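These notes are about the structure you will find just below.
The values are calculated or read from the model by the stated rules, or taken from the named source; none is laboratory data. Just so you know, these numbers come straight off a predicted model, no measurement behind them. Here the Cβ is made from the backbone with ideal geometry for all residues, glycine too, and neighbour counts use every protein chain on show. Note: areas computed on protein heavy atoms with side chains; ligands, DNA, RNA excluded. Shrake-Rupley method; radii C 1.70, N 1.55, O 1.52, S 1.80 Å.
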Amino acid sequence: MQILDGSALSSKIKDEISIDVKALRDSTGNVPGLAVVLVGHDPASAAYVGMKKKACDAVGFYSVTHEMPKDISQEAIEKTIEMMNENPNIDGILIQLPLPEQINTNRLLELVAPHKDVDGFHPYNVGRLTTGLEGFVPCTPLGVMRLLEEYKIDVQGMNACVVGASNIVGKPMASLLLNANATVDICHIYTKDLKKRTLEADILLVGVGVINLIKEDMVKEGAIIIDIGINRAENGKLVGDVDFENVSKKASYITPVPGGVGPMTIAMLLKNTLQSAKLRKS
Ligand code: GUN
């Protein structure tokens, strides 16, 4: 069994990005800029946004966080997005999800200029991904593909099972795997016999937010296991959706939590923002 080390790869990518930022600053006088919208006081969202800001600082990006109260109006957020769409110092716009109930999330995601949509959530970019065209790809599934590439794992012809069908993780993950010629099974809360499907998987990717959802008896011997879940256990520790201790004994490769997919998400956000900045400045 080999660990897929997302922390190490993420550090390597961030070092490469720092060098590119210096070169960009030297040649154009500008650095990539990321704007984040954070609504309310959800501790997990605040923690994610904090990590994104820290990562931006570390590689030399400009970043700004628009913190808004939980009872903010739709119109106020829309105005902020329109302002960021127009701001020439901003290359990437990220609306931290989930948003409070009174907010129409889809309308906001559609308002982000597609060329600044570094989260890849605008329907324009979603359509490009589904069609196999270039565009911004959501950071978590993109990070998974980059991690597989680093370990020279080619999913062509594999049975891939994606557990979780969210717009942020499961659906784009399935599109990327399909584009890479895997046979893809997408499971979700209404799936009738999950175990029957996970047992078929050469590569199993799970992101639903349920501690220990995937147990040893649900996994084929030698399978590749990608744990996209991040949960807080009763003892306060961060854990994924996979029973790591037991499942790792059967896996050929497995991602740990923390230190697997999580750091790759942030690295891909930086990469998407850098790419946007390079396009703007060229
Ligand atoms: N909430 C959970 N994951 C994500 C993500 O990748 N991007 C944004 N914007 N919000 C999230």
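Sub-8 Å Cβ pairs linking a first residue in the stretch 128-157 that is of a type in the set (S, T, N, Q) to a second residue that is in a loop (DSSP other than H, G, I, E, B) and within 16 Å of the ligand (Cβ to nearest atom), at least 6 apart or interchain, are Thr140/Ile168; Thr140/Val169; Thr140/Gly207; Thr140/Ile228, ordered by first then second residue. Can you say whether Ala76 is more than 14 Å from the ligand (Cβ to nearest atom), open to solvent by 20 Å² or more (accessible area, probe 1.4 Å) and at negative phi, as far as the supplied structure shows? Considered against the rule, which asks whether it is more than 14 Å from the ligand (Cβ to nearest atom), open to solvent by 20 Å² or more (accessible area, probe 1.4 Å) and at negative phi, Ala76 comes out as yes. Checking each residue in the stretch 218-268 for being within 23 Å of Ser11 (Cβ to Cβ) and of a type in the set (Asp, Glu) picks out only Asp227. For the stretch 245-277, the set of residues classified as surrounded by fewer than 20 Cβ atoms within 10 Å (Cβ to Cβ), in a helix (DSSP H, G or I) and out of contact with any helix residue (DSSP H, G or I) (no Cβ under 7 Å at 6 or more places or on another chain) consists of Glu245, Gln275, listed by residue number. Filtering the stretch 236-244 for residues that are in a loop (DSSP other than H, G, I, E, B) and either crowded, with 20+ Cβ neighbours inside 10 Å or within 13 Å of the ligand (Cβ to nearest atom) (or both) leaves a non-empty set.
Can you find even one residue in the stretch 255-267 that is away from the ligand (no atom under 16 Å from the Cβ), over 21 Å from the mean Cα position of the chain (by Cα), more than 23 Å from Gly157 (Cβ to Cβ) and among the small types (Gly, Ala, Ser)?
No, there is no match, as no residue in the stretch 255-267 is away from the ligand (no atom under 16 Å from the Cβ), over 21 Å from the mean Cα position of the chain (by Cα), more than 23 Å from Gly157 (Cβ to Cβ) and among the small types (Gly, Ala, Ser).
Selection within the stretch 116-135: residues that are within 18 Å of Lys278 (Cα to Cα) and in contact with a Ser or Thr (Cβ under 8 Å, 6 or more places away or on another chain). The member of this set that is surrounded by the fewest Cβ atoms within 10 Å (Cβ to Cβ) is Lys116.
Being touching a Cys at 6+ places or on another chain (Cβ under 6 Å) and closer than 24 Å to Leu4 by Cβ is the requirement here; does Asp185 meet it? Considered against the rule, which asks whether it is touching a Cys at 6+ places or on another chain (Cβ under 6 Å) and closer than 24 Å to Leu4 by Cβ, Asp185 comes out as yes. Entry remark, the stretch 91-144: residues being away from the ligand (no atom under 15 Å from the Cβ) and of a type in the set (A, V, I, L, M, F, W, C) number 2 in total. Within the stretch 34-57, being assigned to a loop (DSSP other than H, G, I, E, B) and either within 13 Å of the ligand (Cβ to nearest atom) or surrounded by 12 or more Cβ atoms within 10 Å (Cβ to Cβ) (or both) holds for Gly40, Asp42.
Return a yes/no flag: does the stretch 188-200 have any residue that is under 19 Å from the mean Cα position of the chain (by Cα) and open to solvent by less than 40 Å² (accessible area, probe 1.4 Å). Among the residues of the stretch 188-200, not one is under 19 Å from the mean Cα position of the chain (by Cα) and open to solvent by less than 40 Å² (accessible area, probe 1.4 Å), which makes the answer no.
Would you say Ala233 is hydrophobic (A, V, I, L, M, F, W, C), away from the ligand (no atom under 16 Å from the Cβ), in contact with a strand residue (DSSP E or B) (Cβ under 9 Å, 6 or more places away or on another chain) and in contact (Cβ under 8 Å) with a residue 60 or more places away in the chain? First the steps, then the outcome.
Values: hydrophobic (A, V, I, L, M, F, W, C): yes; away from the ligand (no atom under 16 Å from the Cβ): yes; in contact with a strand residue (DSSP E or B) (Cβ under 9 Å, 6 or more places away or on another chain): yes; in contact (Cβ under 8 Å) with a residue 60 or more places away in the chain: no.
Against the criterion (hydrophobic (A, V, I, L, M, F, W, C), away from the ligand (no atom under 16 Å from the Cβ), in contact with a strand residue (DSSP E or B) (Cβ under 9 Å, 6 or more places away or on another chain) and in contact (Cβ under 8 Å) with a residue 60 or more places away in the chain), Ala233 does not qualify.
Selection within the stretch 145-161: residues that are within 16 Å of the ligand (Cβ to nearest atom) and among the aliphatic types (A, V, I, L, M). The member of this set that is surrounded by the fewest Cβ atoms within 10 Å (Cβ to Cβ) is Met145. Taken over the stretch 79-115, the criterion of being over 18 Å from Leu274 (Cα atoms) and either open to solvent by less than 50 Å² (accessible area, probe 1.4 Å) or among the aliphatic types (A, V, I, L, M) (or both) is satisfied by Thr80, Ile81, Met83, Gln96, Leu97, Leu99, Pro100, Ile103, Thr105, Leu108, Leu109, Leu111. The requirement of being in contact with a helix residue (DSSP H, G or I) (Cβ under 6 Å, 6 or more places away or on another chain) and open to solvent by less than 20 Å² (accessible area, probe 1.4 Å) is not satisfied by Val169. Across the stretch 201-212, a minimum of one residue is classified as in contact with a Cys (Cβ under 8 Å, 6 or more places away or on another chain) and small (Gly, Ala, Ser).
Check the stretch 10-33 and report whether any residue there is modelled with pLDDT of 95 or more and within 14 Å of the ligand (Cβ to nearest atom). Within the stretch 10-33, not a single residue is modelled with pLDDT of 95 or more and within 14 Å of the ligand (Cβ to nearest atom).
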